[in-house]
Amino acid sequence: MVSVFLEKEFIALVIFSVATPIFVYFLIWHKRSISRATVVSFGLILIILAGIDIFLLRILSDMAKISLSTLDNQLFSSELSVALYLLPALYAGTGINLISHVLVTHLTLAEKKFDAEH
């Protein structure tokens with residue numbers, strides 16, 4: 001193996017770490033009205049993308065260990081690799097916030113409705 005950067009896993013990492021989340025964020029920002037189900041769906045998509053990113057980072061880390069390239073080793077198998085996990089953490093955190101926002105909003109409305117009925 002010459003370099004991890006030429007592997008299909010690295011291309012998938014770029015797609016799932018950069019392209020897809022940017023597309024999701026673009027959709028979120030450009031919707032004028034949005035349903036709760038859509039917000040929860042966006043949150044779940046971001047959490048799933050974070051999981052895929054972590055899975056791909058683990059694979060690339062293992063591949064970098066046997067790679068001939070020192071750049072691969074420095075990026076995926078050293079302390080710098082911790083920085084690569086910040087993006088999935090951001091996506092997962094944003095996804096959890098979206099889902100919790102919908103849940104808190106629903107509970108607030110349900111409590112007001114209960115108070116009005118009783």
- Task: Mind listing whichever residues of segment 49-67 are within 12 Å of Leu84 (Cβ to Cβ) and of a type in the set (Ser, Thr, Tyr)?
- Result: Ser61
- Restricting the first residue to segment 79-95 and requiring it to be under 15 Å from Val14 (Cα atoms), which pairs with a second residue that is aromatic (Phe, Trp, Tyr) and in a helix (DSSP H, G or I) meet a Cβ separation below 8 Å and a spacing of at least six or different chains? Leu84/Phe76
- Task: Output the number of the condition that Val39 fails; it satisfies all remaining conditions of (1) in contact with a helix residue (DSSP H, G or I) (Cβ under 6 Å, 6 or more places away or on another chain); (2) at pLDDT below 90; (3) of a type in the set (A, V, I, L, M, F, W, C).
- Result: (2)
- Of all residues in segment 1-16 being free of Cβ contacts under 8 Å to residues at least 40 places away in the same chain and farther than 11 Å from Ser67 by Cβ, which is surrounded by the fewest Cβ atoms within 10 Å (Cβ to Cβ)? Lys8
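The values are calculated or read from the model by the stated rules, or taken from the named source; none is laboratory data. Quick caveat: nothing in here was measured; it's all calculated off a predicted structure. No Cβ is skipped: glycine too gets one built from the backbone with ideal geometry, and neighbour counts run over all protein chains shown.
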